[in-house]
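The values are calculated or read from the model by the stated rules, or taken from the named source; none is laboratory data. For clarity, every value in this text was computed on a predicted model and none was experimentally measured. For neighbour counting, all protein chains shown are included, and Cβ atoms are generated from backbone atoms with ideal geometry for every residue, glycine included. The area values use the complete protein model at the heavy-atom level, side chains included, leaving out ligands, DNA and RNA. Shrake-Rupley method; radii C 1.70, N 1.55, O 1.52, S 1.80 Å.
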Amino acid sequence: MFCDDKPVLKPDTSMKKTRTAQRTQQARDTLPLLVQSLIRSGLFLQRELSQVCQHFGLNTNQFSVLNEIKLQGPLSQKELCERLLFEKSNLSKIVKNLQDRELIEITVAPEDRRMTLLIETEKGDQLIDECLRNISQSSTGLMAVLSNEEVLNSMKMLKKLEKSFRRIADK
């Protein structure tokens, strides 16, 4: 076709489709490597977190429970199990330990007296605050290689994955 004596060229969509298919296949081939990398990174971060928590006499599960109560306010054991993906029997042991150490209390829910809620004590609140300060300092050093934009993008992607994992766990 000619328009004003100039040929009209159609874009070569087959090249674009081929490049898109190659990128799609490359992404699929990379998924197992991504999962392995996330596992290694998670294990490393868990080890670092464990060292900080040990300094405060906590294990990572106890820290997670205290932190979740601090972030979300009073929670039932059922809600904690769902949020942290813990088994009920494991959570019961953690709660008992934290309660024995006077870091949390069990109280009756004001809106439904049949339900009990876990709340942090003043002692628990102070301990988790100190622990979080140390974790923040440690995290700053560990994540210094990332720009602010990379940190925000990573959080966005990890939250997306976490949401997907929760949907799978709920099935």
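Computed from phi, the 3J(HN,Hα) profile of segment 97-106 under the Karplus parametrisation 6.51, -1.76, 1.60 (θ = phi - 60°) reads 4, 5, 5, 4, 8, 6, 9, 9, 10, 9 Hz, with x in place of Gly and Pro. Using a cutoff of 8 angstrom between alpha carbon atoms and counting only pairs six or more residues apart, the relative contact order for the chain works out to 16 percent. For segment 54-70, putting each phi into the Karplus relation 6.51 cos²θ - 1.76 cosθ + 1.60 with θ = phi - 60° gives couplings of 4, 4, 9, x, 10, 9, 5, 5, 5, 4, 4, 5, 4, 5, 5, 5, 4 Hz, in residue order, rounded to whole numbers and with x for Gly and Pro. The mean accessible area for residues of the chain, using a 1.4 Å probe and ignoring ligands and nucleic acids, is 78 Å² per residue. Residues whose amide H falls under 5 Å from that of Leu75, counting only those 5 or more places apart or on a different chain, are Leu118, with hydrogens built in the peptide plane.
Within the accessible area of the chain, what % is carbon and sulfur when the probe is 1.4 Å and the other protein chains stay in place?
Numbers: 7280 of 13270 Å².
Ligands and nucleic acids excluded, carbon and sulfur give 55 percent.
The Cβ shell under 12 Å around Asn153 holds other residues with a net charge of +1, Lys and Arg each +1, Asp and Glu each -1. Would you mind counting up the charge near Gln137? Only other residues with Cβ under 14 Å from its Cβ, with Lys and Arg at +1 and Asp and Glu at -1. With Lys, Arg at +1 and Asp, Glu at -1, the neighbours total -2. A compact globular protein would have a Cα radius of gyration near 2.2 N^0.38 Å; the ratio found for the chain is 1.58.
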